[in-house]
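Input: a single structure, listed below in structure tokens.
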Amino acid sequence: MTTALITHSDSQSHVTPDGHPERVERLEAIEVALQDLNLQRVDAPMGKDSHILRAHPQTHIDRIARAGVGALDSDTFLSAGSLTAAYRGVGAVVKAVDMVLNKEVDNSFCAMRPPGHHAERETPMGFCLFGNVAIAAKHALEVHGLSRLAIMDFDVHHGNGTQDLVWNDARILFASTHQMPLYPWSGAASETGAYGNILNCPLDPETNGAAFRKVMEGQVLPAIDSFEPELILISAGFDAHRNDPLANLNWVEDDFAWATQRLCDLADKHCEGRVVSTLEGGYDLEGLAASCAAHVNVLMERGK
């Protein structure tokens, strides 16, 4: 088996205003970085409302569908192609879960936009419309019958949306490393979920890769190990890179590769190597491309 790369050209039809950091060029940079890799390339299908409704109410879907072209808030915009792109993003993560759990591939990476981890139950925000990784988790539990899984979010911004969507679900462990203080101003260590199923590990500005690894080894990896997940999902944001314009952490490509290796170690131990990763942030194009390639190369190595 191998690693699936799930993407779709419709992701580039989500067009943001000039100067917006979450732009079409992000995926173009990733495509170039991954173009020579021996991946199983899959077109993302359209997601369905039934997928989204596992995480969001119908009123949330309706609000976005009725909004038309324009700003949902100061950061989050809709163009003519945005809703289609967002549905493709949902379809991508659902397809990725299906492929991994049906043993068609060992692991998968979804290169889609807009991202998803800031979308709360009834609030699109932070460039995000639907909570893709939470939707993927709910799909794995409800359709494939898993009893527990873990989500690791190493985006530099706290995944407030994912946290909101899994807060009351004891079957899901959500772990996050993120800079604090920083948008969206959530993710304190005291935010632990209704069942102690949330682990937030805030990092000070200028934290380097060595300090990140220490937090992973001291807190995150032991928590995932103890939870014994049947699937590991990754919210793969690469904006903790030292060159990213939206934050102040100092990681390099090797730090993302290291984290991916350690998560794959736990996947091998507990869930037959099953990992599904989906793109979140990363806004310095060179850093994004290099870090994403490092992440995917590890998935490929571990999928052999």
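Each value in this text was obtained by applying a stated rule to the coordinates, not by laboratory testing. No experiment lies behind these values; they were computed from the predicted model shown. With ideal geometry, Cβ positions are generated from the backbone for all residues, glycine too; neighbour counts draw on all protein chains shown.
Here are the numbers:
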| read-out | value |
| --- | --- |
| Mean Cβ count within 10 Å, highest first, over the residues of peptides 245-257, 27-39, 65-77 | 245-257, 27-39, 65-77 |
| Gyration tensor (alpha-carbon) shape descriptor, the stretch 1-91, a/c threshold 1.5 | oblate |
| Residue exposure sequence - Tyr283, Tyr195 - by fewest surrounding Cβ within 10 Å | Tyr195, Tyr283 |
| Amide H partners (placed H, <5 Å) of Ser277, local residues excluded | Ser108, Phe109, Cys110, Ile234 |
| Overall form of the stretch 1-155 per C-alpha gyration tensor (a/c, 1.5; a/b vs b/c) | oblate |
| Beta bridge orientation in the stretch 3-303: antiparallel %, DSSP, nearest 5 | 10 |
| Within the stretch 93-110, backbone nitrogen closer than 12 Å to the virtual label 7 Å beyond the Cα of Thr2 toward Cβ | 105-106 |
| Charged-residue dipole, Cβ positions (Lys, Arg, Asp, Glu), the stretch 201-304 about Cα centre, Debye nearest 20 | 220 |
| Fully extended contour minus Cα-Cα distance, from Glu228 to Asp204, at 0.36 nm per residue | 5.7 nm |
| Residues Glu286 and Asp18, FRET efficiency given R0 of 25 Å [Cβ-Cβ distance, rounded to 0.05] | 0.80 |
| Dipole moment magnitude, nearest 20 debye, the chain about Cα centre, only Lys, Arg, Asp, Glu C-beta charged | 720 |
| Phi-based couplings in Hz for the stretch 120-128 (Karplus 6.51, -1.76, 1.60; Gly and Pro marked x) | 7, 3, 10, 9, x, 6, x, 6, 10 |
| Separation of the Arg63 and Asn38 label points, Cα + 7 Å toward Cβ, nm | 4.7 |
| Label-point gap, in nm, between Ala80 and Ser9 - each point 7 angstrom along Cα→Cβ | 1.6 |
| For Rg and Dmax of the Cα atoms in Å, calculated from these coordinates, the label among [x] 17.1, 46; [y] 19.2, 55; [z] 20.0, 73 | [x] |
